[in-house]
1. To the nearest 0.05, what FRET efficiency results for residue 30 and residue 94 with a Förster distance of 35 Å applied to their C-beta separation?
2. Which residue fluctuates most in the GNM of the chain (Cα springs below 10 Å): 73, 121, 81?
3. Got a sec? Charge dipole of region 1-66, +1 on Cβ for Lys and Arg, -1 for Asp and Glu; which of 38, 56, 14 is way out at the positive end?
4. Between 171, 18, 126, which gets the highest mean-square fluctuation from a Gaussian network model of the chain, Cα cutoff 10 Å?
5. Picking from 115, 86, 103, whose Cα lies most toward the positive end of the charge dipole for region 2-182 (charges on Cβ: Lys, Arg +1; Asp, Glu -1)?
6. Calculate how steeply helix 116-131 sits against the longest principal axis of the alpha-carbon atoms of the chain, using the helix alpha-carbon long axis, and give the answer as 0 to 90 degrees to the nearest 10.
7. With the cut-off at 23 Å, report for region 17-99 the share of all Cα pairs above it, as a whole percent.
8. Would you calculate, for the chain, the mean residue ellipticity at 222 nm contributed by helices, counting each DSSP H stretch of 4 or more residues as -39,500 (n - 2.57) and dividing by all residues, to the nearest 500?
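Since every read-out is calculated from the coordinates, none of them should be taken as a lab result. Just so you know, these numbers come straight off a predicted model, no measurement behind them. Using ideal geometry, Cβ is built from the backbone for each residue, glycine included, and neighbour counts are taken over all protein chains shown.
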Amino acid sequence: MAPLIATDQSLFLWLNNSLARPWLDPVMEAATALGNGFVLFPLGLLLMFLFAKRNFRRDFVFWASTSFVSFIVGTLLKHIVHRDRPLAAFHARIADHQATVHVLGPSLYANSFPSGHTFTVFSTASLFAGLYPRLAVPLYLTASLTGLSRIYVGAHFPLDVLGGALVGLLSTAIVRRWIIPRWREEPAAPRNRNAKPSR
């Protein structure tokens, strides 16, 4: 486990430091905001209005289900693993000027694994990719950019992001296995053949 953690930390420092550019900061801040429910929710509703059409209520139930599963699983893992975030893990090295962490946004220190922003956006992206297949590529690319942004802003290690992506994908798999097969659309109301046409 120790070699894996050491590799993860080294990869974080390399990505966090080598990618840092002033012009890239606002791009990554926007990407990381997509993992925030207050931003993702209206965007998800917009996609559903554009693509769900008559299945809006069904798709909303699926989305709420996968979001709930990912939140429960991800939050439990955060408190079970209780991993230090980069600022806490590198605190001594930062104080001795042996390491630098590029930070955008709030300074976070605890419950690093898995990345909450990442499991939030991946649960949505993987579900919508299945519901609206022509959006699969841009959805997964956007979710991956959000995951990378969590490293860029100094909030998570690469393994945290990978774990968050897996939690998001798992939540969708659970919904596909247990929720979607049990869904039944409400039948359309039968027309009364004896009714007289209105004039």
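1. Between residue 30 and residue 94 the formula returns 0.85.
2. In this elastic network of the chain, the residue with the biggest mean-square fluctuation among 73, 121, 81 is 81.
3. The one lying farthest along the dipole's positive direction is 56.
4. The residue with the greatest mean-square fluctuation here is 18.
5. Checking the options against the dipole of region 2-182, the answer is 115.
6. 30
7. Value for region 17-99 (Cα pairs over 23 Å): 51 percent.
8. The per-residue figure over the chain is -21000 deg cm²/dmol.
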